[in-house]
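Worksheet: one structure, shown below.
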Amino acid sequence: MGLIVSREAFAAFRDTLSPNARVVFTNGCFDLLHVGHMHLLNFARSLGDTLVVGLNSDASVKRYKGPDRPVVRQEERAEILAALARWTSSSSSTKTTRARRSRPSSRVIMSRARTMRGDA
């Protein structure tokens, strides 16, 4: 399940988790997605029950990457990442990569960095 949520909505969700739930956090710009992003997200997801992904705001990306960035606006990057959260890659016996539905029990929560850290 991929969701885009506010800080408040995440706090409410967090309160519903069991005390033993493993919540993993990672963040980034995710402006021009590449295989390194996929490796990061898949690895982070494997570490816990719930993956929280913080997304840098457009202003943050511009400061970090330069005046011509981001190429993809924050809202679109969030939608892309939320859609990717519904899928994971696996290797078949012939070593070709195929897409399959992610485990129903896993959760990926997308949170905009602006709501998480107050970036403009």
Rounded accessible area per residue of the stretch 1-87, 1.4 Å, Å²: 59
Burial ranking of peptide ranges 23-32, 52-61 (average Cβ count within 10 Å, highest at the top): 52-61, 23-32
Distance (nanometres) between label positions extended 7 Å along Cα→Cβ at His37 and Ala12: 2.9
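The values are calculated or read from the model by the stated rules, or taken from the named source; none is laboratory data. Keep in mind it's a predicted model, so treat the numbers as computed, not measured. Quick reminder, even Gly has a Cβ in these numbers, built from the backbone with ideal geometry, and neighbours come from all protein chains shown. The protein model used for the area step is the full one, side chains on, heavy atoms only, and it has no ligands, DNA or RNA in it. Shrake-Rupley method; radii C 1.70, N 1.55, O 1.52, S 1.80 Å.
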